[in-house]
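Heads up, the thing below is written out as structure tokens.
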Amino acid sequence: MRERHRGTPALFGQRLIQIPLVLLVVSVLVFWLIQVVPGDPGRNALGPYATADQVREWNAARGLDGSIVERYATWFGGFVTGDWGTSIVYGEPVLGLILGRLANSVVLGLFAFIILVPLAIGLGAFQARREGSRTDRAFTVGLMSLASVPEFVVGVLLLIVFALIFPILPIQSGDAVGTGLLPQLRAMTLPAITLALGYVSVLARMTRAGVIETTGSQYYRTAVIKGLPGGAIFARHVARNALIPTVSLLGVYLGALLAGSAVVETLFGYPGLGELLVTATQKKDVFVLVAGVMVTGAISLLALLVTDIVFTMVDPRVRFTRGD
Amino acid sequence: MPHIRARRLRAALAALAVGALAVGLAACATGASGDAAGGEASEAVYRLPISDPGSEIDPLTVADYNAQIISGLVTEPLVSLDAAGELNPRLATDWTASEDGLTWTVTLRDGAEFNDGSPVTSADVVATFEAITADDSQSPGRSAFDGILDSVAADGDETVLFTLVRPFSDFPLLLTGTNTGILPADYEPGTWLDNPVGAGQFLLEDYTVGKGATYVKNPDYWNADAIELDGVELKVYGDTQAELLAFQAGEIDRIGLTSDVAATVDASKYDVISSGYNKIDGIFLNVTEAPFDDPTAREALAWAIDRQGLIDDVYEGNADIANDTTFFPDYDPQPAGLEQREQDLDRVAQLLAGRTLSFTVTIAQENQLFGEVLQQQLNEVPGFDVQLEVLTSEQYYADGDSTPWLNAPVTVTNWAKRVPSQYVSLIYTAGAAWNASHYANPEIEELTSQFDATTEPAERQKLADDIAEIQWTDLPVIVPAFSKAQSLQDKRVQGEFAGALDFYTGYDFAGISIAR
């Protein structure tokens, strides 16, 4: 066991060096790309009836008039020292704005994850138990159809059914944020289900394949012949082996869920990071956008790292060596 | 047997879990709807949808509807307009021009207070207008006063003197415009959300970026008895589909009646409310470039448009036919003696004389429907070959000398309602910042200057006729329709809004109530 995990700290250290480098490149790209997108933040803020001079002054007052290199250097210096600047759109400190929205996205993402994991694994295991049956085929068709429907459509359909025809859940999820656990859970139900449904089919499919492969293995047959109880076989032999590919996917999905979904948050009016980044992109709020992308990037990369570490614990065959 | 028992146990557990979930959701739903019902029973709150304003909330610089309403519900202007276009006294009770028309004396309401308890004085009015019109002002409202307002001064605590650069008989109308809510003299720009000060009908209770804002009635408002609402709530929707569903589900009280909404909602379940004219969608023709440097080409285009078709297909019938002048139908005086342009294909053929006009109409995304209908109409007329270029707002209004909205051969830009002479100074005057047609005619500028300087009705009528005739004949801008705002409103709302539904001439909820 000790031998097996010997490479893990090295992997951890290596990733901790790689992650800031990746984020640095991302920040440069975002900073540069937002200049390419048409539009001017001053014009966006002051509208079409402001004069060109007013727009220039507005930009200058917010430090948007220097060269791109100069502006990036100023921003980067502030970012690494904890001064993430002020949103040029909202006039609020970027750090507080991002962290507040991130917290909302994390809560929603975790809720979606809690719905997703048992649902997908349960469906996958259920299908594997009935491999080749009509039920299995029906679920396969259903899940593949679901995978092909965009989140936006799923969300609108859920809203029509559960907020309009049977008005038990609200349209606007943002109203309930910060009003208490139950109202917030209720408001997050539809966006969380929409998010979860977006990932469930691939995850269930992968679980199904893993379970079928495991239950066809010799060690599974040996365990059955030995007369081990069903629960013990599933926990010790099937789940542990069948879920290895699923775990790697779960890590990626967790990172994506926690970082916020622009589509779902915008549709349900949920004040998360994804929705904030949509507005920041539209309004060229460069400081919010670049900081937000850094945060979402960091979350995704850290989720991948955690996935790799969990991998080593779940799969005895995985060993990391230098250079992995 | 043990297998059957285990299966039954599992089924029972599953049923229990589903039941618990259902009860839990139902409890949440009941609790929440109970709260909502309770809230509705005890509080009369008008709920409006907005988009994320995406800009700082400062009454002096807010530029779009969503940002303006957040501060506008709290601040109070000197005057506003009612739905018929008449001036409605707010913080000002009287306004008179000097004989030479160069000084306007505005008397302030006695007893009006800001929500911090301090009285509204002439010093506050002076400070507000100086902030709007200062050389370094970033207020979009400044453009309305450029070339008109020279200085503002207090004459005692209750009188303000506006000195003009040139006589301007419609000056009180400018006081109803953007960013003109009165703020205390010691107001620091950029600090409004820290201390949402104003003398308006409501107090800002909470504003959360991306979520919305809640307001309660200002008990110290000068006309508090007329405000029957307990409050107003603004809810942010990032998606039009969600906004529509929210309206259908009763989460908001009003939604703009667009073609999408009309196609989805059973309008008979709601009140259709409308107020006065709110904008024109002008077709700007660059008169310095072919093909529209030729007046006959401009005229042919004007006669080729099916204006009623545009009104039916773009405005859902909620607009009036215009005749290529900038005199809104509720403005006095109305120009007389011009033939009303309607689609006349014989005249088009005569003007084109066998030519084909090939050009591209450049528009911003929000005017896409207008552009598509226009393109379709024109391409059905012999002698027209029209392409459409749809740009994002950011591309269309991009800054720089080559910005599309001020340079493309044909553009469509919407202009909020203004007085006729303002349109002349902003879009018909040689060298004006927004003269997208690159048009120049000293005669219209001189006539407009005379029009602004006189209050004598017969003289104003004659000048209006002459100005309109030049607009109609020279055609740098085709004005096919005067648009009105129209919305669907929940039947629980009672009363009629005093002013425009989109509040561009002032926020006024007097007389609006909620059925208990």
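The values are calculated or read from the model by the stated rules, or taken from the named source; none is laboratory data. Note that the structure is a prediction, hence the values are computed from the model and not measured. Neighbour counts run over all protein chains shown; Cβ positions are idealised from the backbone, glycine included.
The rows are residues; the columns are (1) touching a Gly at 6+ places or on another chain (Cβ under 8 Å); (2) more than 30 Å from B:Q461 (Cβ to Cβ).
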position	(1), (2)
B:A322	no, no
B:D330	yes, no
B:Q350	no, yes
B:T360	no, yes
B:P404	no, yes
B:A408	no, yes
B:W415	yes, no
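List every residue pair whose Cβ atoms lie under 6 Å apart, where the two residues are 6 or more positions apart in sequence or sit on different chains, the first residue falls within the range B:188-205 and is within 11 Å of chain A (Cβ to nearest Cβ) and over 12 Å from B:F114 (Cβ atoms), and the second residue, located anywhere, is modelled with pLDDT under 95 and loosely packed, with under 15 Cβ neighbours inside 10 Å.
Filtered contacts from the range B:188-205: no entries.
Tell me whether the range A:245-260 contains one or more residues that are within 14 Å of chain B (Cβ to nearest Cβ) and in contact with a helix residue (DSSP H, G or I) (Cβ under 7 Å, 6 or more places away or on another chain).
yes
Got a sec? Which of B:V126, B:V120 is of a type in the set (A, V, I, L, M), modelled with pLDDT of 95 or more and surrounded by fewer than 24 Cβ atoms within 10 Å (Cβ to Cβ)?
B:V126
State yes or no: is A:A242 modelled with pLDDT under 80 and surrounded by 23 or more Cβ atoms within 10 Å (Cβ to Cβ)?
Considered against the rule, which asks whether it is modelled with pLDDT under 80 and surrounded by 23 or more Cβ atoms within 10 Å (Cβ to Cβ), A:A242 comes out as yes.
Of the numbered conditions (1) buried (at least 20 other Cβ atoms within 10 Å of the Cβ); (2) assigned to a loop (DSSP other than H, G, I, E, B); (3) within 14 Å of chain A (Cβ to nearest Cβ); (4) polar (S, T, N, Q), B:S437 fails exactly one; give the number of that condition.
Every listed condition holds for B:S437 apart from (3).
Does B:T258 meet the test of being out of contact with any Cys (no Cβ under 9 Å at 6 or more places or on another chain), touching a residue at least 12 places away in the same chain (Cβ under 8 Å), within 12 Å of another protein chain (Cβ to nearest Cβ) and surrounded by fewer than 22 Cβ atoms within 10 Å (Cβ to Cβ)?
It is false that B:T258 is out of contact with any Cys (no Cβ under 9 Å at 6 or more places or on another chain), touching a residue at least 12 places away in the same chain (Cβ under 8 Å), within 12 Å of another protein chain (Cβ to nearest Cβ) and surrounded by fewer than 22 Cβ atoms within 10 Å (Cβ to Cβ).
Tell me which of these A:L169 doesn't satisfy, since it passes every other one: (1) surrounded by 18 or more Cβ atoms within 10 Å (Cβ to Cβ); (2) in a helix (DSSP H, G or I); (3) not β-branched (V, I, T).
The single condition A:L169 does not satisfy is (2).
Only one of A:A187, A:A120, A:A192, A:A163 is touching a Leu at 6+ places or on another chain (Cβ under 7 Å), within 24 Å of B:E233 (Cα to Cα) and buried (at least 22 other Cβ atoms within 10 Å of the Cβ); which?
None of the other options fit; the residue is A:A163.
So, B:T208, is that one among the hydroxyl-bearing types (S, T, Y) and either within 18 Å of B:E76 (Cα to Cα) or away from chain A (no Cβ under 14 Å) (or both) or not?
Criteria not met by B:T208.
Please find, among B:L285, B:L338, the residue that is in contact with a strand residue (DSSP E or B) (Cβ under 9 Å, 6 or more places away or on another chain), surrounded by 15 or more Cβ atoms within 10 Å (Cβ to Cβ) and within 17 Å of B:Q471 (Cβ to Cβ).
B:L285
Pick from the range A:62-76 the residues that are without any contact (Cβ under 8 Å) to a residue 24 or more places away in the chain and under 17 Å from A:K283 (Cα atoms): which of them is surrounded by the most Cβ atoms within 10 Å (Cβ to Cβ)?
Across the range A:62-76, the extreme among qualifying residues is A:G63.
Considering only residues that are in contact (Cβ under 8 Å) with a residue 24 or more places away in the chain and in a loop (DSSP other than H, G, I, E, B), look in the range B:385-403 and name the one that is surrounded by the fewest Cβ atoms within 10 Å (Cβ to Cβ).
Here the answer is B:T392.
For the range B:466-480, which positions are in a helix (DSSP H, G or I), among the β-branched types (V, I, T) and surrounded by 23 or more Cβ atoms within 10 Å (Cβ to Cβ)?
B:I467
When you check A:G100 against the structure, is it within 12 Å of chain B (Cβ to nearest Cβ), of a type outside the set (K, R) and on the phi > 0 side of the Ramachandran plot, yes or no?
So A:G100 does not fit the description; no.
So in the range B:215-241, with the set limited to residues that are farther than 25 Å from B:V261 by Cβ and polar (S, T, N, Q), which one is farthest from the other protein chains (Cβ to nearest Cβ)?
The selected residue is B:N223.
Please verify whether B:K211 is crowded, with 17+ Cβ neighbours inside 10 Å, of a type outside the set (S, T, Y) and modelled with pLDDT of 95 or more, treating the condition exactly as stated.
no
Please find, among A:L46, A:L29, A:L97, the residue that is without any contact (Cβ under 8 Å) to a residue 24 or more places away in the chain and under 32 Å from the mean Cα position of the chain (by Cα).
Exactly one of A:L46, A:L29, A:L97 is without any contact (Cβ under 8 Å) to a residue 24 or more places away in the chain and under 32 Å from the mean Cα position of the chain (by Cα), namely A:L29.
Having 2 or more residues that are within 14 Å of chain B (Cβ to nearest Cβ) and of a type outside the set (D, E, K, R) is the bar; report the helices (runs of 4 or more DSSP H) wholly within the range A:5-97 that clear it.
A:8-36, A:41-46, A:52-61
Of all residues in the range B:225-267, count the ones that are modelled with pLDDT of 90 or more and among the polar types (S, T, N, Q).
Final tally of qualifying residues: 1.
One residue is enough: does the range B:376-384 have a residue meeting the conditions touching a strand residue (DSSP E or B) at 6+ places or on another chain (Cβ under 6 Å), among the charged types (D, E, K, R), exposed (fewer than 15 other Cβ atoms within 10 Å of the Cβ) and closer than 22 Å to B:L345 by Cα?
no
Any residue in the range B:40-48 that is away from chain A (no Cβ under 14 Å), modelled with pLDDT of 80 or more and either touching a helix residue (DSSP H, G or I) at 6+ places or on another chain (Cβ under 9 Å) or within 15 Å of B:Q201 (Cα to Cα) (or both)?
Yes, that holds for at least one residue.
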